[in-house]
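Here is the structure we will look at, set down as structure tokens.
The values are calculated or read from the model by the stated rules, or taken from the named source; none is laboratory data. Treat the numbers as computed from the prediction; the structure is a model and nothing was measured. Cβ atoms come from the backbone with ideal geometry, glycine included; neighbour counts cover every protein chain shown.
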Amino acid sequence: MTQPILIAGPTASGKSSLALALAEQLGDCVIVNADSMQVYDGWSLLTARPSSYEEEQVPHRLYGHIDPANSYSVGAWLREMYGVLNEARDAGVRPIIVGGTGLYFTSLVRGLSMIPEIPDEVRAQAEDELSRLGRAAFHTELLRRDPQAQGVDPMNPRRLVRAWEVFEHTGKSLADWATETPPPLLPLGQTKTSIVLEADPDWLRERIEQRFDEMVEYGALDEAAEMAARDIPEGTPSLKALGGPALMAHLRGEIPLEEAIDTGKADTRRYAKRQRTWFRNQMADWTRIPAGPDALDVLNVHLDKLP
């Protein structure tokens, strides 16, 4: 297998089109999905899944292959990734793994940690303490609380906050959690590169709103009606596709279409903000390139500098 390339980015940042353009340029590639909603059959427009035309240009894997009535987890994705990577290795093709689900990427390159999700308020408290105490005193206080945090880099504020918030929320040290994490399927050192698309918030907001309008124009309401007709149990993860609940509420006569569209756009903007926060906190060691029309050119310059 040629070394994989990983491309992450917030929704509507152009990561899928970048992956396709790069795959066509390099040749002998397979594009692999790392988006938790694009795995489901049924949501195509609303999750911005690659079109059938795009899938004809370059092989795509792990898109639209899960029945929306079923649940799907990061563990299931990793098991499927194991097979996809082996197939790519046997065929001598390069996987380009692309998506916006940060947990998929971090689990792929670090192993699937069993650390529960840290509440926002706990993280905010840790950051407030860092600001109040300063880095040196914060590190001292962290070691007083958690002596096993000796291996945390005292010069790295992100790692200090992470160690603090995990111990505060779980009562266990990061070191203890690390011993319970299996080895990663694809360590970063075995990739060609791993990049995050960084998008200007105003530019991304316009992209999100324009794209949602286009989704509705080209049939997202029909797609929502088809999903509603499947009688999928309430609470099933597939029903949480951005904009889906609002459009289905409109189809039930509960809200007007304009309100459903505004809600879908707002939900998408909030999700993009959460994605950017994850990429900043959990994927700080990934290469950043600006989203936009020049992304492929910038990526090519970056790739040319690599061994």
Checklist entry - Among Ala266, Ala284, Ala246, Ala229, which is crowded, with 20+ Cβ neighbours inside 10 Å and of a type in the set (A, V, I, L, M)? => result Ala246
Checklist entry - Mind checking whether some residue in the stretch 165-180 is out of contact with any helix residue (DSSP H, G or I) (no Cβ under 8 Å at 6 or more places or on another chain), under 30 Å from Leu130 (Cβ atoms) and not in a helix (DSSP H, G or I)? => result yes
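Filter the stretch 198-220 down to the residues that are of a type in the set (Gly, Ala, Ser), within 22 Å of Leu18 (Cα to Cα) and not in a loop (DSSP other than H, G, I, E, B) and list them by number.
Here is the first cut: in the stretch 198-220, the residues of a type in the set (Gly, Ala, Ser) are 199, 219-220.
Remaining after also requiring within 22 Å of Leu18 (Cα to Cα): 199.
The answer is none; no residue qualifies.
Out of all the residues in the stretch 142-154, is one or more closer than 30 Å to Asn300 by Cβ, modelled with pLDDT under 95 and outside the structural domain of Leu299 (by TED's automatic domain parsing)? Spell out the reasoning first.
Applying the first criterion (closer than 30 Å to Asn300 by Cβ) to the stretch 142-154 yields none.
No, the conditions are met nowhere in the stretch 142-154.
Kindly indicate which of Leu20, Leu78 is touching a residue at least 24 places away in the same chain (Cβ under 8 Å), among the aliphatic types (A, V, I, L, M) and in contact with a Pro (Cβ under 8 Å, 6 or more places away or on another chain).
Details: Leu78 fails: in contact with a Pro (Cβ under 8 Å, 6 or more places away or on another chain).
One residue alone meets the criteria, Leu20.
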Next on the checklist: Just to be sure before I move on: is Ile195 in the same structural domain as Thr11 (by TED's automatic domain parsing), in contact (Cβ under 8 Å) with a residue 40 or more places away in the chain, outside any helix (DSSP H, G or I) and in contact with a helix residue (DSSP H, G or I) (Cβ under 6 Å, 6 or more places away or on another chain) in the structure I sent?
Outcome noted: no
Item to check | Subset of the stretch 221-249 [over 20 Å from Ala48 (Cβ atoms) and either assigned to a loop (DSSP other than H, G, I, E, B) or at pLDDT 95 or above (or both)] | outcome: Arg230, Asp231, Ile232, Pro233, Glu234, Gly235, Thr236, Ala249
Checklist entry - Going by the conditions given, is Glu259 touching a strand residue (DSSP E or B) at 6+ places or on another chain (Cβ under 9 Å) and either at pLDDT 95 or above or among the acidic types (Asp, Glu) (or both)? => result no
Item to check | Subset of the stretch 96-143 that is touching a residue at least 40 places away in the same chain (Cβ under 8 Å) and aromatic (Phe, Trp, Tyr) - its residue that is farthest from Lys192 (Cα to Cα) | outcome: Tyr104
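State yes or no: is Ile66 of a type in the set (A, V, I, L, M, F, W, C) and farther than 25 Å from Gly264 by Cβ? Show your work before the answer.
Numbers: of a type in the set (A, V, I, L, M, F, W, C): yes; farther than 25 Å from Gly264 by Cβ: no.
So Ile66 fails the test.
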Checklist entry - Counting only residues that are at negative phi and over 25 Å from the mean Cα position of the chain (by Cα), how many does the stretch 126-166 have? => result 27
Checklist outcome for this item: So, first residue over 18 Å from Leu242 (Cα atoms) in the stretch 46-59, second residue of a type in the set (Asp, Glu) and assigned to a helix (DSSP H, G or I), Cβ within less than 7 Å, six or more apart or across chains; the pairs are Gln57/Glu24; Val58/Glu24
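Among the residues in the stretch 136-146, are any surrounded by fewer than 18 Cβ atoms within 10 Å (Cβ to Cβ) and in a loop (DSSP other than H, G, I, E, B)? I'd like the intermediate steps shown before the answer.
Here is the first cut: in the stretch 136-146, the residues surrounded by fewer than 18 Cβ atoms within 10 Å (Cβ to Cβ) are 136-137, 140-141, 143-145.
Now drop any that are not in a loop (DSSP other than H, G, I, E, B), which leaves none.
No - not one qualifying residue is present in the stretch 136-146.
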Checklist entry - Among the helices (runs of 4 or more DSSP H) contained in the stretch 1-118, which hold 1 or more residues that are surrounded by fewer than 22 Cβ atoms within 10 Å (Cβ to Cβ) and at pLDDT below 95? => result 52-57, 74-91, 102-110
Next on the checklist: Tell me whether the stretch 123-133 contains one or more residues that are of a type in the set (Gly, Ala, Ser) and surrounded by fewer than 16 Cβ atoms within 10 Å (Cβ to Cβ).
Outcome noted: yes
Item to check | Residues located in the stretch 14-58, provided they are within 18 Å of the chain's Cα centre (by Cα) and β-branched (Val, Ile, Thr) | outcome: Ile31, Val32, Val39, Thr47
